[in-house]
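The values are calculated or read from the model by the stated rules, or taken from the named source; none is laboratory data. Here the structure is a predicted model, which is why all the values come from computation and not from measurement. Ideal geometry is used to build each Cβ from the backbone, glycine not excepted, and the neighbour counts take in all protein chains shown.
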Amino acid sequence: MQIAIDLAISTTKTSGDVPVGAIILNSNGEKISQGVNQREESGDPTTHAEIVAIRAAAEKLGTWRLEDCTLVVTLEPCAMCAGAIAQARIPHLVFGAWDKKAGAVGSVWDILRDPRAIHKMQVTSGVMADECARVLQDFFETRR
C-alpha cells in the first residue's frame, strides 16, 4: 500500500488530479503495473488509477484475464472501476480509504461482493486507511 500512497502523492505534484494510486501485483507479490488518476492530464473521464493500472497489466501480460493478480489502491473503487476489476477477473482487491460518496465496494454499493455477481473475489478494506485518507484530505484542503 505504501507504494500506492507514494504514487498518489506524486500525482498532486505533477498533474493536479485527485491523488489516487494503484498497483497490480502478480501471484509472487511483484509489481507488474501501476496507475494514477489521469483525468485532468488526458481529458478522459475513464482514466482512474485502477483503469490505468489494469490496462498496463493487461498489455504487459498479453491478456485481459488478470486471474492471478492483486489490485492495491488507495481509495475504494467507484462503480466504473469495480466493474473493470470484475471484468479483468482480478481475484483480490486491497484498498485503503473508504469513499462515502461514490464507493462501490461497500460504501454506497457493493458491486464486487454482490451475491448475484458471476465472479467472486476477496476484498481487503481499510489497509492504511488513515494514511490514504490523509493524502486526499491534504489535496482537497489546498483546493478550498
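Of the numbered conditions (1) within 16 Å of the chain's Cα centre (by Cα); (2) over 24 Å from T11 (Cα atoms); (3) touching a residue at least 40 places away in the same chain (Cβ under 8 Å), D68 satisfies every one except a single condition; which is it?
So the condition that D68 fails would be (1).
Among the residues of the stretch 86-126, which ones are among the basic types (K, R) and within 21 Å of A57 (Cβ to Cβ)? I'd like the intermediate steps shown before the answer.
Pass one, the stretch 86-126, residues among the basic types (K, R): 89, 100-101, 113, 116, 120.
Correct list: R89, K120.
Which ranges mark the strands (runs of 3 or more DSSP E) fully within the stretch 33-144 that have 3 or more residues being surrounded by 13 or more Cβ atoms within 10 Å (Cβ to Cβ)? Working first, answer last.
Working: elements: 70-75, 92-97, 122-124.
Passing ranges, in order: 70-75, 92-97.
Being crowded, with 20+ Cβ neighbours inside 10 Å and part of a loop (DSSP other than H, G, I, E, B) is the filter; apply it to the stretch 15-32 and report the residue that is modelled with the lowest pLDDT.
Just the residues of the stretch 15-32 that are crowded, with 20+ Cβ neighbours inside 10 Å, to begin with: 17-24.
Cutting the leftovers down to part of a loop (DSSP other than H, G, I, E, B) gives us 17-20.
Details: D17: 92, V18: 95, P19: 96, V20: 98.
Per the criteria, the residue is D17.
Among (1) touching a Cys at 6+ places or on another chain (Cβ under 9 Å); (2) closer than 16 Å to V18 by Cβ, which single condition is L61 missing?
Of the numbered conditions (1) touching a Cys at 6+ places or on another chain (Cβ under 9 Å); (2) closer than 16 Å to V18 by Cβ, the odd one out for L61 is (2).
Quick one: Q2 ticks every box in (1) surrounded by 17 or more Cβ atoms within 10 Å (Cβ to Cβ); (2) within 19 Å of C132 (Cα to Cα) bar one, so which box is it?
Q2 satisfies every listed condition except (1).
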